[in-house]
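Written below as structure tokens is the structure these notes are about.
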Amino acid sequence: MISTNQKELALWLRDYLLRHGVQACRIGMYSGTDSSFEVRDGKIEHLQQAEENQLIGYLFVDGRYGSFSTNRLNKEELEHFFSQAIVSTRLLAVDEARHLPDGNRYFKGSDQFLSLYDPDIAKLDPDFKLKAAFDAAAEIDRNDARIISVASAYGDNESFTYLIDSNGLEIESASSSCGISVSISVQGEGDARPEAYWYDQALSWKALQKEGIGVTALDRALMKIGQRKIQSAAYPMVVEKNEVRTLLSPLLNALSGAALQQNNSFLIGKQGHKVGSDKLNLIDNPLLPHTIGARGFDREGIALKPLSVFDHGILQNYYIDTYNAHKLGVDPTTGSPSVLQFNLGDSDRQALLKHLDTGILITGFNGGNCNSSTGNFSYGIEGFWVEKGDIQFPIGEMNLTGNMLALWNHLVEVGNDPMKSSGWQTPSLLFDAVDFSGI
């Protein structure tokens with residue numbers, strides 16, 4: 001929690017800066033804890049517990065802007081540190097686009113109504129957390145001679161924010177999360193060592209899935225044994241819900257105000273235009289209680305509200321913060337995504353596979369990249385060859401290639417199985433005629 005003394009210190013610093021030549025400022029007081037317990041092959045591999053308090057000052061001085069952080073939280077040291085910060089800021093070039101946001105757009109108060117913080121996580125004993133990591137791996141039958149190595153982990157964190165500025169902003173938030181993961185490598189054919197990973201993450205210990213993580217990871221690893229390449233061609237594909245993020249990220253990156261302002265986005269000038277199929281319907285819904293990624297305000301303190309991103313394939317909104325809005329001469333929205341939700345269909349992953357006479361189920365990406373200016377991409381993939389809706393054999397050492405705009409125009413069906421353990425609640429997706437290179 002941010003203490004009363006810490007809040008008073010932030011308020012004192014704001015007033016100190018305004019008395020010493022700073023025309024406007026924002027002060028962020030941040031506090032949090034992190035813990036991580038990692039086990040490999042029955043032995044403790046890594047333990048970490050950390051607690052951090054940090055203050056960041058964002059200074060607007062004579063048309064110039066600088067940000068400065070410190071964890072030395074007493075008045076005497078802050079006075080010295082920020083007197084030097086003011087001098088340093090005056091060395092920077094003038095940037096007329098740097099301003100605090102319009103105060104009418106500010107969030108007010110606390111976002112406790114979202115219920116993003118579980119106080120019980122802080123009460124968990126370290127031995128209990130370590131046991132959670134061991135238990136996840138203990139699900140796996142180590143008598144299976146194909147298993148090479150098993151690693152499991154439990155981790156959690158708490159995060160507290162108190163944000164004020166010289167324009168009347170005063171808000172705070174608290175959040176927490178915890179997670180369990182298991183990764184496994186197994187002996188494949190020849191020198192092949194297929195690997196798989198599975199996890200769950202939740203805002204509270206009560207909501208966290210504690211069982212089945214290890215078994216799922218093992219099943220996914222064993223299914224990869226015997227991977228083959230197939231003939232290069234255009235095939236329909238189903239992308240598993242937990243892997244859709246790789247294909248969605250380039251779209252979101254191309255929507256950022258920074259990318260637009262730097263002329264480094266394949267979505268420049270596309271607002272109001274159709275850039276995907278009618279099945280591409282995406283909304284940013286930040287105000288969902290008990291939801292990972294939810295938040296009442298963004299890093300500038302702007303009050304958030306639902307934002308339509310794509311509607312029937314038509315680009316509705318960019319992610320533009322105050323600075324980039326001034327640079328572009330447009331109205332700001334917010335600087336980054338929160339909770340992303342698709343309009344869901346009626347089918348889960350298995351039902352989507354039934355649409356494939358022949359095609360590919362993608363269950364993982366291995367490297368690759370997307371050109372942010374053109375949208376051209378190439379990703380290594382792993383998954384399964386599917387015939388008449390049934391999985392036939394695992395595939396690997398193949399690439400998925402194309403252009404992001406063409407890809408999203410080939411989206412033909414959206415699943416009903418969104419990822420609830422992520423702020424990006426992506427469901428499984430079915431695409432038609434996507435280029436794969438193999439043999």
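The values are calculated or read from the model by the stated rules, or taken from the named source; none is laboratory data. These figures come from a predicted structure and were not determined experimentally. We place every Cβ from the backbone using ideal geometry, glycine too, and count neighbours over all the protein chains shown. For accessibility, only protein heavy atoms count, side chains too; no ligands or nucleic acids. Shrake-Rupley method; radii C 1.70, N 1.55, O 1.52, S 1.80 Å.
Given region 9-75, what strands (runs of 3 or more DSSP E) lie entirely inside it while holding 1 or more residues that are hydrophobic (A, V, I, L, M, F, W, C) and over 19 Å from residue 98 (Cβ atoms)? Even if it seems obvious, please write down each step before you answer.
On the way: elements: 24-40, 43-61, 64-70.
So the answer is 24-40, 43-61.
Could you grab the pairs with beta carbons closer than 6 Å, sequence gap of 6+ or different chains, first residue in region 341-366 and over 13 Å from residue 385 (Cα atoms) and of a type in the set (Phe, Trp, Tyr), second one part of a strand (DSSP E or B) and open to solvent by 10 Å² or more (accessible area, probe 1.4 Å)?
Taking only residues 6 or more apart or on different chains, the pairs are 365/379.
Could you say which residue among 133, 153 is closer than 21 Å to residue 46 by Cα and in contact with a helix residue (DSSP H, G or I) (Cβ under 9 Å, 6 or more places away or on another chain)? It would help to see each step written out before you state the result.
Numbers: 133 fails: in contact with a helix residue (DSSP H, G or I) (Cβ under 9 Å, 6 or more places away or on another chain).
None of the other options fit; the residue is 153.
Of the residues that make up region 363-381, is at least one within 22 Å of residue 425 (Cβ to Cβ) and aromatic (Phe, Trp, Tyr)?
Residues of region 363-381 within 22 Å of residue 425 (Cβ to Cβ): 363-365, 370, 379.
Imposing the further condition that a residue be aromatic (Phe, Trp, Tyr) reduces the set to 365, 379.
Yes - at least one qualifying residue is present in region 363-381.
Test residue 313 against the criterion of being open to solvent by less than 40 Å² (accessible area, probe 1.4 Å), over 27 Å from residue 175 (Cβ atoms) and modelled with pLDDT of 95 or more, and give yes or no. So that I can check it myself, show each step before the final result.
Values: open to solvent by less than 40 Å² (accessible area, probe 1.4 Å): yes; over 27 Å from residue 175 (Cβ atoms): yes; modelled with pLDDT of 95 or more: yes.
Judged against the criteria, residue 313 is a match.
Pick from region 104-157 the residues that are among the acidic types (Asp, Glu) and within 19 Å of residue 219 (Cα to Cα): which of them is most open to solvent (accessible area, probe 1.4 Å)? Spell out how you get there, then give the answer.
Of region 104-157, the ones among the acidic types (Asp, Glu) are 111, 118, 120, 125, 127, 135, 139, 141, 144, 156.
The next check asks that each one be within 19 Å of residue 219 (Cα to Cα); those that pass are 135, 139, 141, 144.
Values: 135: 70, 139: 60, 141: 86, 144: 34 Å².
So, considering only residues that are among the acidic types (Asp, Glu) and within 19 Å of residue 219 (Cα to Cα), the one most open to solvent (accessible area, probe 1.4 Å) is 141.
Hey, does region 13-33 have a residue that's within 19 Å of residue 163 (Cβ to Cβ), modelled with pLDDT of 95 or more, of a type in the set (Val, Ile, Thr) and surrounded by fewer than 16 Cβ atoms within 10 Å (Cβ to Cβ)?
no
Which one of these does residue 82 not meet: (1) over 24 Å from the mean Cα position of the chain (by Cα); (2) modelled with pLDDT of 95 or more; (3) more than 18 Å from residue 17 (Cα to Cα)?
Single failed check for residue 82: (3).
Would you check which residues across region 105-133 are under 27 Å from residue 423 (Cβ atoms) and either free of Cβ contacts under 8 Å to residues at least 40 places away in the same chain or assigned to a loop (DSSP other than H, G, I, E, B) (or both) and list them?
Within region 105-133, the subset under 27 Å from residue 423 (Cβ atoms) is 105-124, 128-129, 132-133.
Within region 105-133, 107, 108, 111, 115, 116, 117, 118, 119, 123, 124, 128 meet the criteria.
Keeping to region 259-274, report how many residues are in contact with a strand residue (DSSP E or B) (Cβ under 9 Å, 6 or more places away or on another chain), surrounded by fewer than 21 Cβ atoms within 10 Å (Cβ to Cβ) and of a type in the set (A, V, I, L, M, F, W, C).
Qualifying residue count, region 259-274: 0.
For residue 96, only one of the following conditions fails: (1) part of a strand (DSSP E or B); (2) open to solvent by 20 Å² or more (accessible area, probe 1.4 Å); (3) acidic (Asp, Glu). What is its number?
(1)
Scan 396, 367 and give me the residue that is among the small types (Gly, Ala, Ser), modelled with pLDDT under 95 and open to solvent by 10 Å² or more (accessible area, probe 1.4 Å).
Values: 396 fails: open to solvent by 10 Å² or more (accessible area, probe 1.4 Å).
Being among the small types (Gly, Ala, Ser), modelled with pLDDT under 95 and open to solvent by 10 Å² or more (accessible area, probe 1.4 Å) holds for just one of 396, 367, which is 367.
Taking region 332-364 only, how many residues are buried (at least 21 other Cβ atoms within 10 Å of the Cβ) and of a type in the set (Gly, Ala, Ser)?
Number satisfying all stated conditions: 2.
Residue check, residue 99 against (1) over 30 Å from residue 209 (Cα atoms); (2) modelled with pLDDT of 95 or more, all met but one. Which one?
(2)
Any residue in region 201-210 that is of a type in the set (Lys, Arg), within 26 Å of the chain's Cα centre (by Cα), modelled with pLDDT under 95 and over 30 Å from residue 303 (Cβ atoms)?
Within region 201-210, one or more residues are of a type in the set (Lys, Arg), within 26 Å of the chain's Cα centre (by Cα), modelled with pLDDT under 95 and over 30 Å from residue 303 (Cβ atoms).
Among what's in region 197-229 and is surrounded by fewer than 18 Cβ atoms within 10 Å (Cβ to Cβ) and of a type in the set (Asp, Glu), pick the residue that is farthest from residue 360 (Cα to Cα).
The residue in question is 211.
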